[in-house]
1. Take the range 107-119 and flag every residue that is within 20 Å of the chain's Cα centre (by Cα) and exposed (fewer than 10 other Cβ atoms within 10 Å of the Cβ).
2. Mind listing just one residue for me: the one in the range 49-63 that is without any contact (Cβ under 8 Å) to a residue 60 or more places away in the chain and assigned to a loop (DSSP other than H, G, I, E, B) and, of those, nearest to Ile89 (Cα to Cα)?
3. (1) in a helix (DSSP H, G or I); (2) free of Cβ contacts under 8 Å to residues at least 12 places away in the same chain; (3) of a type in the set (A, V, I, L, M): which one isn't true of Ala105, the others all being true?
4. Quick one: is Ala46 modelled with pLDDT of 70 or more, among the aliphatic types (A, V, I, L, M), in the same structural domain as Ile89 (by TED's automatic domain parsing) and part of a loop (DSSP other than H, G, I, E, B)?
5. Could you list, in sequence order, all residues of the range 77-87 that are of a type in the set (Ser, Thr, Tyr) and part of a loop (DSSP other than H, G, I, E, B)?
6. Just checking, does the range 64-76 include any residue being out of contact with any Pro (no Cβ under 6 Å at 6 or more places or on another chain) and assigned to a strand (DSSP E or B)?
7. So which residues in the range 82-106 are touching a strand residue (DSSP E or B) at 6+ places or on another chain (Cβ under 8 Å) and surrounded by fewer than 14 Cβ atoms within 10 Å (Cβ to Cβ)?
Amino acid sequence: MSRKVRESAPTGAKANGRPTAKEPSTRVSLEVMNPRASVARRPVVAPAPRVRDLAGKRVGIYWNGKAGANNFFDVIEELLTERFPAATIARFEGPLDAGDAAAAAMARDADTVIYGIGD
């Protein structure tokens, strides 16, 4: 949405700080823009249901390469292995946005995935 505003801007000599009646003026046109974008909202997708028990499940852990997160996920894997010895752990690695191909591979190779990012 935009709105046009027109103003007169006098030019030439001034008497007492005001333009004289015979001075020409130049018109200036300003266009005021609305800085808010119109963005279509994505449909809301409900989160996947929680896995009630990890015993015998294939658990995927996705790491996006952020420094230090691998150490965190190592500890998560140790804790999961202690608590759910029948579960198998698969590690996945890739960019922040895993993309459709990697998501499909994780869905094929794991029953549930732990995906975390942060500093």
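The values are calculated or read from the model by the stated rules, or taken from the named source; none is laboratory data. Bear in mind the structure is a predicted one, so any value in this text is a computation, not a measurement. Ideal geometry is used to build each Cβ from the backbone, glycine not excepted, and the neighbour counts take in all protein chains shown.
1. Step one: of the range 107-119, the residues within 20 Å of the chain's Cα centre (by Cα) are 114-119.
Listed by number, the residues that qualify are Gly118, Asp119.
2. Step one: list which residues in the range 49-63 are without any contact (Cβ under 8 Å) to a residue 60 or more places away in the chain, which gives 49-50, 52-63.
Now drop any that are not assigned to a loop (DSSP other than H, G, I, E, B), which leaves 49-50, 52-57.
Values: Pro49: 20, Arg50: 17, Arg52: 17, Asp53: 14, Leu54: 10, Ala55: 11, Gly56: 10, Lys57: 9 Å.
The extreme case among them is Lys57.
3. Of the numbered conditions (1) in a helix (DSSP H, G or I); (2) free of Cβ contacts under 8 Å to residues at least 12 places away in the same chain; (3) of a type in the set (A, V, I, L, M), the odd one out for Ala105 is (2).
4. Values: modelled with pLDDT of 70 or more: yes; among the aliphatic types (A, V, I, L, M): yes; in the same structural domain as Ile89 (by TED's automatic domain parsing): no; part of a loop (DSSP other than H, G, I, E, B): yes.
Criteria not met by Ala46.
5. Our first condition is that a residue be of a type in the set (Ser, Thr, Tyr); within the range 77-87, this holds for 81.
Answer for the range 77-87, where residues must be of a type in the set (Ser, Thr, Tyr) and part of a loop (DSSP other than H, G, I, E, B): there is none.
6. For the range 64-76, residues out of contact with any Pro (no Cβ under 6 Å at 6 or more places or on another chain) and assigned to a strand (DSSP E or B): absent.
7. Within the range 82-106, Arg91, Glu93 qualify.
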